[in-house]
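A.B. asks: Please find one structure pasted underneath; my questions will follow.
The values are calculated or read from the model by the stated rules, or taken from the named source; none is laboratory data. None of these values were measured; they are calculated from a predicted model. Cβ coordinates were reconstructed from backbone atoms using ideal geometry, including for glycine residues, and neighbour counts include every protein chain displayed. Just so you know, the surface numbers come from the protein's heavy atoms only, side chains and all, with ligands and any DNA or RNA stripped out. Shrake-Rupley method; radii C 1.70, N 1.55, O 1.52, S 1.80 Å.
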Amino acid sequence: MCRFGVSVLVLLAGCAHLHRAVDGAAIDDKVRLVLTLPPTPAKRPLPWSDAASLEQVTRPEPLVFTTEPLEQHRLHREGLVQERWSYDSKLKVRFEGSNRAAVYVYRAGELGERPIVLWVPGLAVDASAFPAIRGLISEAVDRGADVVFIVPPYHLERTPPGHGSGDVLMATDATDHFTALAQGLQELRSVLAWLVDLHPPKLGAFAGSMGAAALTRAMSFDGGLDFATLFIPVVAWEDMVFGIARMEPVRAQLRNAGVPDEEARAMYAALDGSSTVPPKRAHVSVLAARYDLIARRAPLERLVERWRLKEPVWLESGHAGALLLPSTSRLYAKLLDEDLPRPK
């Protein structure tokens, strides 16, 4: 789900070291963003310290929407209502433009009349990813579902001027970084609670990369879903930041900001949904990338064991190229057939 230049050669090669090289370059790209900033002392208190305080600060609240036609990222579907619904986020980040949250709604009638699939994209999702995303969303629409796509903090139209989509999530001060993570989780929990209250025939989700980390944490707190597909899922921010050697500059930046490793580890660990079994059991499928250096295997195996999930479906890819694989759409369609059979 990330925005990186992946060549057709790498996608077709199916070669482990090439996919890992692309993922390594993707990590280095994010590290460079962090290194562009001078260390800024973290403002206290930070938004949360452990799972209990994270749950409290991100509790869902009722949403009051402003609705307008969706101008960008539309599907090519006759008769499909396509809208942008926006609302004020409860938590506030440093750049004011990201405090107006939004979802894209693709519906064939009133929300709640048909199954709904909640879409939670990954880090750095931008306009270049939408040709592939449209295809995946269309698989759900073709099976009679409506789709609600969440715009994450600091992404797409919530991106500050002069920055790339998602870049500011990493290229900001420590307090704002953690606040943005909490903002995204609080918005997701609120949207999920809103959709549950609509009482659709089925409520599912597709969540990719960083979005899967947020969704599994929301599910562990609230349940709510009947089914979900986790795509190249980042399960543990703690593992991504502290388990990958080339992320040391990120760790150093946090230390320089006055957030020692032990505290940062505890905050990231609180975001890990595998630590708690959801209150409502859902049918959860996993599409994972065999050569992924970003969403690493150990946290995924922990999630599979603790949540008693089926063995992941493995893509012959790394993290950065997985969305562009032709097989991704086909495999997702097959998983959807289990959860949303096509209308007769």
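A.B. asks: Find the centroid of the Cα atoms in region 218-286 and in region 114-131, then give the distance between the two in whole Å.
C.D. replies: So the two Cα centres are separated by 20 Å.
A.B. asks: OK, next. Let me check something: with ligands and nucleic acids excluded, how do HIS319, HIS76 order by accessible area (1.4 Å probe), largest to smallest?
C.D. replies: Values: HIS319 0, HIS76 160 Å².
Output order, biggest surface exposure first: HIS76, HIS319.
A.B. asks: Place a +1 charge on the Cβ of each Lys and Arg in the chain and a -1 charge on the Cβ of each Asp and Glu, then give the dipole magnitude about the Cα centre in debye, rounded to the nearest 20.
C.D. replies: Values: 39 positive and 41 negative charges, 69 e Å.
The calculated dipole for the chain is roughly 340 debye.
A.B. asks: Also, I was wondering about something else. Name the longest site-free stretch of the chain, where the excluded sites are GluC sites (Glu not before Pro) in a DSSP loop with no more than 12 other beta-carbon atoms within 10 Å. Provide the component values of the computation, followed by the final result.
C.D. replies: Values: sites that count: GLU71, GLU78, GLU110.
Looking at the chain, 111-344 is the longest stretch - no exposed GluC sites (Glu not before Pro) with at most 12 other Cβ atoms within 10 Å.
A.B. asks: Also, quick follow-up: Given charges of +1 on the Cβ of Lys and Arg and -1 on the Cβ of Asp and Glu, with all other atoms neutral, how large is the dipole of region 214-267 about its Cα centre, in debye to the nearest 20? All intermediate terms of the calculation are to be shown ahead of the outcome.
C.D. replies: Numbers: 5 positive and 8 negative charges, 40 e Å.
Dipole of region 214-267, to the nearest 20 debye: 200 debye.
A.B. asks: Solvent-accessible area per residue for the chain at a 1.4 Å probe radius, Å²? Please report the intermediate quantities before stating the final value.
C.D. replies: Numbers: 13910 Å² over 344 residues.
I get 40 Å² per residue for this part.
A.B. asks: Further question on the same structure: More than 18 angstrom separation, counting every C-alpha pair in region 19-154; what % is that?
C.D. replies: On the way: 6223 of 9180 pairs.
Result for the distance tail: 68 percent.
A.B. asks: Additional query: In whole percent, how big is the carbon plus sulfur part of the accessible area of the chain, probe 1.4 Å, protein atoms only?
C.D. replies: On the way: 7650 of 13910 Å².
Carbon plus sulfur share of accessible area: 55 percent.
A.B. asks: I'd like to know which of SER86, ALA333, LEU188 lies farthest towards the positive end of the charge dipole of the chain, counting +1 on Cβ of Lys and Arg and -1 on Cβ of Asp and Glu.
C.D. replies: Towards the positive end, the residue furthest out is ALA333.
A.B. asks: Name the long-range amide H neighbours of ALA289: under 5 Å, sequence gap of 5 or more, or other chain; modelled H, no Pro or chain starts.
C.D. replies: ILE232, LEU315
A.B. asks: Any idea what the relative contact order of the chain is, in percent, if you count C-alpha pairs under 8 Å spaced at least 6 apart? Let's see the in-between values first.
C.D. replies: On the way: 692 pairs, mean separation 80.5, N = 344.
Once divided by the residue count of the chain, the mean separation gives 23 percent.
A.B. asks: Using only alpha carbons, build the gyration tensor for region 250-344 and give me the equivalent ellipsoid semi-axes, biggest first, whole Å.
C.D. replies: Working: eigenvalues 201, 71, 24 Å².
The answer is 32, 19, 11 Å, longest axis first.
A.B. asks: Order THR67, THR172 by their accessible area, 1.4 angstrom probe, all chains in place, largest first. Walk me through the numbers before you get to the answer.
C.D. replies: Details: THR67 75, THR172 15 Å².
Ranking THR67, THR172 by accessible area, largest first, yields THR67, THR172.
A.B. asks: What whole-number volume per residue, in cubic angstrom, does the convex hull of the C-alpha atoms of region 100-208 give? If you can, show how the numbers build up before the last one.
C.D. replies: On the way: hull volume 10.5 nm³, N = 109.
Considering the Cα atoms of region 100-208, their hull volume per residue is 97 Å³.
A.B. asks: Straight-line reach from LYS202: which lysines have a Cα under 22 Å away, not including same-chain ones fewer than 8 places off?
C.D. replies: LYS280, LYS310, LYS334, LYS344
A.B. asks: Distance from the Cα centre of region 13-72 to that of region 143-217, in angstrom?
C.D. replies: So the separation of the two Cα centres works out to 10 Å.
A.B. asks: Tell me the relative contact order for region 149-265 as a rounded percent, counting alpha carbon contacts under 8 Å between residues six or more apart. The partial results should precede the final answer.
C.D. replies: On the way: 114 pairs, mean separation 21.3, N = 117.
Rounded, it is 18 percent for region 149-265.
A.B. asks: Using the Kirkwood radius built from alpha carbon pairs, what does the Stokes-Einstein equation give as D for region 285-337 at 20 °C and 1.002 mPa s, in µm² per second?
C.D. replies: Details: Rh = 11.6 Å.
So the translational diffusion coefficient is about 185 µm²/s.
A.B. asks: Hey, which aspartates and glutamates would be in cross-link range of LYS43, C-alpha to C-alpha under 20 Å, not counting anything within fewer than 8 residues on its own chain?
C.D. replies: GLU96, ASP173, ASP176, ASP261, GLU262, GLU263
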